[in-house]
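Some notes on the structure that comes next.
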Amino acid sequence: MTKRGTLFGVGLGPGDPELVTVKAARVIGDADVVAYHSARHGRSIARAIAAPYLRPGHIEEHLIYPVTTEATDHPGGYAGALQDFYAEATERIAAHLDAGRDVALLAEGDPLFYSSYMHLHTRLTQRFNAVIVPGVTSVSAAAAAIATPLVAGDQVLSVLPGTLSLAELTHRLADTDAAVVLKLGRSYPAVREALSLAGRLGEAVYVERASTPGQRVSPAAEVDATSVPYFSLALLPGGHRAEPAGGVAVVGLGPGGADWMTPQCRRELAAATDLIGYRRYLDRVPVRDAQRRHPSDNTDETARARLACELAEQGRAVAVVSSGDPGVFAMATAVLEEAKQWPGVRVRVVPAMTAAQAVASRVGAPLGHDYAVISLSDRLKPWRVIAARLSAAAAADLVLAIYNPASTTRTWQVAAMRDLLLAHRDPGTPVVIGRDVSGPGEQVRVVRLADLDPADVDMRCLLIIGSSQTQWYSSDSGDRVFTPRRYPG
């Protein structure tokens, strides 16, 4: 019985034949069959790279794509034409392997990194053994071309295909330390727009045909979008990020989950030399080397604001963190009030999702119409003012988002609020109780206003109390609460 051959997925590197590894050169020379792809014009980049390592007597399998970017009259369209091509190519390679011939299937760059090789690998390895010979990627070659480190320390490198949607590209480019965008060609206008929208076009470098005689390097903003080939990429080196801006950034972390933290928030936290905040909130921020933390108790707002201004005046880049949005019952007010005494200190407020938005999302859209936001804490204002505002909002038939409903030392306000609202609202009015939403202890319940039990409410809760128009029903996904945008005339 004939021994089956072995499939070798051979990475050739980015283009320079001298960047082919010693192992790749040996495998190509020893193989019985050398296979490679090309477009319909017949010129194979992979074969050109491997040419110095081919020998007389090699069997060559030239796998010609039926389409690349052009239209096709295939009954299955573009996808159908490629599926038929991969099926045929698989059988051509399989025939050699069944006959006991070793096959070196060539791939530019690395075989398992955005490579044509992978489509045949998944089909052939169901029947044959495969050995992968890794190669130098175009990312490494492009970084060498600009002689600039891509990342250092704990910076994050994102590798993105330029074929992503404009919105997704913009989001990811704004939310990373460094990036490489591949598959340019016709996608380059959208990639350039995404870089611009992310505020990073000035940092980006364009590299074309890295490591080859046709290599070209240019600022990404200056490239003619009509002349960009597929074998090009855009680099955002991490080392090009701006130095810390200085001053004080009051940063909202969002309501709890890391997925709800904005890219701007992450950038401000990463750039800061000093982080100030309530200890539990600081624990949500990843630790970075050479970054100083100044944790405190949750009641020391004035002291935190003063420390932030003192450090900023010394030239430090300070981030004061708040849960939710820093401008909603949080640190922005305290810092801005303190900063009046520090004329040389610049304060920036970085917004975030609020706790009210987070709780509302868990049940639907209870804040879909006009609503009022009220804190039940009487630590900074008297209860008579709170009661008057609750009565006014209830009389105006506004949905209410209630912050700071209770604490270990404030246990009576929830019942007092409930009784006050029952003078204006139906007992069956829905009340959403959201606790630690997006956190590990998340609990969300909907109860009738008349059934609101103060024992169910603590300092980690937020309440949303419906208006006369708010509707509540049950579904397969749980309680659904919404307030129609239309109000009776």
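Look at region 254-273: where a residue is farther than 17 Å from Arg362 by Cβ and a partner is open to solvent by 60 Å² or more (accessible area, probe 1.4 Å) and in a helix (DSSP H, G or I), sitting 6+ places away or on another chain with Cβ atoms under 8 Å, you get Pro263/His171. Output the residues belonging to region 448-489 that are farther than 14 Å from Leu367 by Cβ, polar (S, T, N, Q) and within 35 Å of the chain's Cα centre (by Cα). Within region 448-489, Ser474, Ser475, Ser477 meet the criteria. Taking the conditions (1) in contact with a helix residue (DSSP H, G or I) (Cβ under 9 Å, 6 or more places away or on another chain); (2) modelled with pLDDT of 95 or more; (3) crowded, with 19+ Cβ neighbours inside 10 Å; (4) under 27 Å from Gly478 (Cα atoms) in turn, Glu338 satisfies each one other than (4). Answer yes if at least one residue in region 102-125 is assigned by the TED database to the domain that holds His58, assigned to a loop (DSSP other than H, G, I, E, B), at pLDDT below 95 and over 25 Å from Val20 (Cβ atoms), and no otherwise. The answer is no; no qualifying residue exists. Give the residue that is nearest to the chain's Cα centre (by Cα), with candidates limited to residues of region 163-214 that are without any contact (Cβ under 8 Å) to a residue 40 or more places away in the chain and within 24 Å of Ile49 (Cβ to Cβ). Result: Tyr206. One residue stands out among those in region 7-24 that are out of contact with any strand residue (DSSP E or B) (no Cβ under 9 Å at 6 or more places or on another chain) and part of a helix (DSSP H, G or I): the one that is most open to solvent (accessible area, probe 1.4 Å), which is Glu18. Whether a residue is in contact with a helix residue (DSSP H, G or I) (Cβ under 9 Å, 6 or more places away or on another chain), at pLDDT 90 or above, open to solvent by less than 30 Å² (accessible area, probe 1.4 Å) and outside any strand (DSSP E or B) was assessed, and Ala319 does not pass this test. Residues in region 286-316 that are farther than 27 Å from Asp154 by Cβ, polar (S, T, N, Q) and outside any loop (DSSP other than H, G, I, E, B): Thr302 alone. Number of residues in region 46-99 that are in contact (Cβ under 8 Å) with a residue 60 or more places away in the chain, loosely packed, with under 15 Cβ neighbours inside 10 Å and either β-branched (Val, Ile, Thr) or out of contact with any Lys or Arg (no Cβ under 9 Å at 6 or more places or on another chain) (or both): the value is 1.
Condition (residue is open to solvent by less than 20 Å² (accessible area, probe 1.4 Å), assigned by the TED database to the domain that holds Arg418 and either assigned to a strand (DSSP E or B) or at pLDDT below 95 (or both)) applied to region 373-388: is it met by at least one residue? Within region 373-388 (the criterion being open to solvent by less than 20 Å² (accessible area, probe 1.4 Å), assigned by the TED database to the domain that holds Arg418 and either assigned to a strand (DSSP E or B) or at pLDDT below 95 (or both)), the answer is yes, since at least one residue qualifies.
The values are calculated or read from the model by the stated rules, or taken from the named source; none is laboratory data. No experiment lies behind these values; they were computed from the predicted model shown. Note that we place each Cβ from the backbone using ideal geometry, even for glycine, and neighbour counts take in every protein chain shown. Heavy atoms of the whole protein, side chains included, go into the accessibility calculation; ligands, DNA and RNA do not. Shrake-Rupley method; radii C 1.70, N 1.55, O 1.52, S 1.80 Å.
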